[in-house]
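Only the coordinates and a few stated rules stand behind these numbers; no lab work does. The structure presented is a predicted model; accordingly, all values stated were derived computationally and were not measured. Here the Cβ positions follow ideal geometry from the backbone for every residue, glycine too, while neighbour counts run over all protein chains shown.
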Protein chains: 4
Amino acid sequence: MAGPRTVDTPERVRDSARTRAEILDVATAEFAANGYDGSRVDEIAALTRTTKRMIYYHFGGKKQLYIAVLERAYARIRAAERQVELDDLDPVAAVRRIAEVTFDHHGAHPEFIRLVSIENIHHAEHVKELVEMVDLGGPIVALLEDILRRGRQEGLFRSDADAIDVHMMISAFCVFRVANRHTFGTIFGRDLVDPARTDHYRAMCGDMIVRYLAA
Amino acid sequence: MAGPRTVDTPERVRDSARTRAEILDVATAEFAANGYDGSRVDEIAALTRTTKRMIYYHFGGKKQLYIAVLERAYARIRAAERQVELDDLDPVAAVRRIAEVTFDHHGAHPEFIRLVSIENIHHAEHVKELVEMVDLGGPIVALLEDILRRGRQEGLFRSDADAIDVHMMISAFCVFRVANRHTFGTIFGRDLVDPARTDHYRAMCGDMIVRYLAA
Amino acid sequence: MAGPRTVDTPERVRDSARTRAEILDVATAEFAANGYDGSRVDEIAALTRTTKRMIYYHFGGKKQLYIAVLERAYARIRAAERQVELDDLDPVAAVRRIAEVTFDHHGAHPEFIRLVSIENIHHAEHVKELVEMVDLGGPIVALLEDILRRGRQEGLFRSDADAIDVHMMISAFCVFRVANRHTFGTIFGRDLVDPARTDHYRAMCGDMIVRYLAA
Amino acid sequence: MAGPRTVDTPERVRDSARTRAEILDVATAEFAANGYDGSRVDEIAALTRTTKRMIYYHFGGKKQLYIAVLERAYARIRAAERQVELDDLDPVAAVRRIAEVTFDHHGAHPEFIRLVSIENIHHAEHVKELVEMVDLGGPIVALLEDILRRGRQEGLFRSDADAIDVHMMISAFCVFRVANRHTFGTIFGRDLVDPARTDHYRAMCGDMIVRYLAA
DNA sequence: AATGAATGAGGCTTCATTCAT
DNA sequence: CATGAATGAAGCCTCATTCAT
């Protein structure tokens with residue numbers, strides 16, 4: 001008699017995870033490229049090795065797929081923030097380091113920036129669902145609060161410095177560079193993500209926040 | 001005593017212009033609210049006193065209507081920029097004034113900011129068409145270049161200050177506050193456009209650019 | 001007091017006729033080019049120096065305009081047939097002459113041929129209306145009957161020769177050459193209306209009918 | 001005893017093919033009846049057991065459906081031509097047989113003739129696409145060339161006889177009878193496809209080509 | 001876990017025609 | 001005779017989703 005196929009289940013599971021991941025990859029690219037309404041379930045399926053039915057099987061529908069895409073994208077930037085090492089840096093250098101990490105992450109992940117823009121077009125309705133499950137903002141705010149406290153204690157930072165404000169200013173610069181590169185480039189003839197100018201803008205971002213915070 | 005209707009624009013013409021304007025108003029709101037793909041020509045027409053057919057008569061189609069909306073929105077911010085008066089201001093005050101005008105315009109016109117975000121989702125393809133007809137960026141750049149030159153001559157500004165960069169930094173702050181208010185507010189629990197915080201952020205924007213530029 | 005404008009009416013009338021003629025010219029070209037359903041009232045009007053309103057004023061609507069076009073086209077071929085002179089020709093030469101006149105007329109008026117094709121697509125519904133007003137076929141049939149009678153009497157033509165059949169055979173050849181030139185040319189790589197081959201086909205048409213009729 | 005369903009084509013596939021065929025049947029009738037522009041996708045769908053959506057699923061659009069209709073119609077006449085058997089016929093009889101086969105095919109397939117007329121209204125743009133994929137004219141021309149060669153060798157046919165010309169003359173007669181029956185019948189009061197006259201016209205067609213070719 | 005076929009609602013666009021001036 | 005604006009019906013097409021196997 002044939003023995004039971006004990007190895008079977010794990011492989012199926014692994015295939016399942018792989019299928020999910022592949023769908024998420026393609027969907028991320030599509031949603032980032034075309035927006036939510038501009039993306040097509042058919043097209044996403046066609047770019048996958050699986051079929052459209054699988055999207056419904058694994059995710060339930062277009063909207064849930066989009067949320068899953070968003071969740072994974074936010075998870076990745078949280079991971080990046082978690083890996084910043086700045087224990088031995090003085091407050092000023094630490095803030096600059098955070099600005100640079102944000103700058104580089106956003107530069108490296110334009111599709112994430114686009115997803116955030118798309119989310120805002122949709123009044124963040126999907127992120128609202130995410131936030132009920134995960135704390136997206138806590139870590140970076142906690143990090144900044146610690147640095148700012150030290151900086152204020154040492155008399156290096158202005159007394160009204162606020163962690164969320166600082167994060168906002170850094171994000172504004174880093175997000176705008178990527179999110180608005182097309183209109184800005186078209187109108188002003190300057191490509192904000194031109195590699196030749198990356199160092200310039202990274203320094204500019206650091207200068208901006210450091211000078212703003214100076215006591 | 002004033003006579004009746006001194007301007008002799010024929011009724012027809014006025015009605016036509018009014019119809020166009022009404023469609024543009026509604027379309028601006030719809031496109032800003034739902035994005036390009038998320039907006040419905042039927043819905044735009046329903047919110048108008050005219051019919052769907054008129055949209056095609058006056059504009060030609062959904063895309064051309066969207067471009068017309070975009071054009072009018074950009075025309076308005078150019079008009080706002082043109083009205084800034086800063087002849088008698090010293091360079092530092094002038095830059096701060098420009099930052100504040102931008103800040104206030106964007107705060108007052110969130111639908112414009114949303115249209116710009118939508119444009120970037122579409123890789124600025126429509127703005128590219130606009131730019132072939134109108135110079136959207138020239139005026140503000142010229143204005144800033146003049147101020148920066150004066151500031152550098154007086155030793156007030158850092159020597160590497162660049163007009164387009166300055167405009168970018170100001171825009172980043174002012175655009176982000178409005179464009180990303182939903183995700184930011186959801187994640188960090190802070191409403192960036194809360195009227196109670198408007199003065200704070202306007203000052204923050206001015207500080208940011210003034211300090212960045214300081215020699 | 002100003003005198004009455006006595007010369008006015010005649011001019012208006014002449015302009016009216018000219019307007020009608022211009023519309024008919026354009027409409028003939030359009031209907032022949034695109035078929036009835038494929039033609040656009042807007043387009044016809046745009047190609048005219050008048051406006052769309054005039055089409056409705058002068059003709060009543062698209063369908064009536066089409067009928068007017070058809071009527072004028074048929075009137076012209078009747079005129080051509082009327083001008084054939086063959087009193088002094090023997091029956092054989094006369095038949096050949098008629099074939100050649102038909103051949104040349106159809107070759108010179110492809111738009112007429114196309115209108116006839118279009119009419120057949122529409123089951124000749126409009127020609128049926130025309131026929132109630134004008135006798136479109138009588139003249140040519142009478143002409144042929146006369147020739148055939150003489151030919152039979154002289155023992156030159158086969159005894160079962162029939163005028164309508166003869167006209168049909170000639171028409172088939174002359175109409176097909178023009179009406180089906182596009183599919184035929186595409187499939188067989190031969191342009192049936194190539195000027196270099198016109199003489200060849202004209203002779204072929206004459207041979208065909210003369211030999212068919214031979215006793 | 002016959003076994004049940006010996007061919008194991010899956011149900012799905014058969015259903016798909018049946019759906020396609022049903023749509024093609026209906027579409028052929030509609031396009032032949034109303035022309036391309038006069039036909040309605042909605043109407044075609046309504047006359048089917050499937051829905052309008054399926055037309056787009058299986059064919060892609062109205063135009064592609066029309067091309068598919070055309071392709072099938074041409075495939076059928078090629079098949080008819082292929083089945084002519086005339087190995088043992090002398091050249092004269094062979095040419096007459098070909099004329100008769102064409103005559104009978106066209107008489108039996110008026111919808112094909114109408115499609116060809118419609119194609120010519122559209123300047124054969126769709127047939128041009130077809131011709132890139134299939135050789136529509138080659139077979140019949142090859143057949144005729146062979147017969148003409150034999151006839152010339154035997155001194156039966158005139159020396160300038162050309163295969164494409166012969167095909168054209170036959171086609172002209174057979175196509176005209178069907179394609180122009182409505183205008184011709186209306187104008188001359190004679191129904192060219194009246195069954196009572198079929199034999200007469202078939203013989204007339206044969207006579208025409210045989211006499212034209214005679215040495 | 002996978003697949004081709006099917007579906008219904010709704011999207012954008014176009015047309016012939018008429019109205020007000 | 002002339003004109004720009006307006007209309008309503010209807011056309012073609014696309015989408016997210018589900019069914020049968």
(request) Multiply the residue separation of D:Gln83 and D:Arg40 by 0.36 nm, subtract the distance between their alpha-carbon atoms, and state the gained length in nm to one decimal. (result) 12.0 nm
(message) Please compute the average number of Cβ atoms from other chains found within 10 Å of each residue's Cβ in peptide B:27-34.
(response) 1
(request) Would you kindly state the longest site-free stretch of chain C, with sites defined as GluC sites (Glu not before Pro) in a DSSP loop (not H, G, I, E, B) surrounded by at most 14 other Cβ atoms within 10 Å? (result) C:1-84
(request) Between A:Glu111 and C:Ser16, take the C-beta separation as r, use R0 = 51 Å, and let me know the FRET efficiency to the nearest 0.05. (result) 0.15
(request) Count, for each residue of C:161-172, the Cβ atoms from other chains sitting within 10 Å of its Cβ, then give me the mean as a whole number. (result) 5
(message) Set the bar at 23 Å for Cα to Cα. Now go through C:Lys62/D:Lys128; B:Lys62/B:Lys128; C:Lys63/C:Lys128; C:Lys128/D:Lys63 and name every pair that lies beyond it.
(response) C:Lys62/D:Lys128; C:Lys128/D:Lys63
(request) Using a 10 Å cut-off on Cβ to Cβ distances, tally the other chain neighbours for every residue of B:113-121 and report the average as a whole number. (result) 6
(request) At a Cα cut-off below 16 Å, give the aspartates and glutamates reachable from D:Lys52, other chains included and same-chain residues fewer than 8 away excluded. (result) D:Glu22, D:Asp25, D:Glu30, D:Asp42, D:Glu43
(message) 7 Å along Cα→Cβ for the label point: how many nanometres lie between C:Ala203 and each equivalent label in the other copies, listed shortest first?
(response) 3.2, 8.9, 10.3
(request) Rounded to the nearest 0.05, what FRET efficiency do B:Val193 and B:Arg72 give with R0 = 22 Å and r taken as the Cβ-Cβ distance? Could you check? (result) 0.45
(request) Apply the membrane-span-like helix rule to chain B: whole DSSP H runs, Cα extent along the own long axis of at least 15 Å, mean Kyte-Doolittle hydropathy at least -1.0. List the helices found. (result) B:11-38, B:62-82, B:91-108, B:110-121, B:138-153, B:163-179, B:198-213
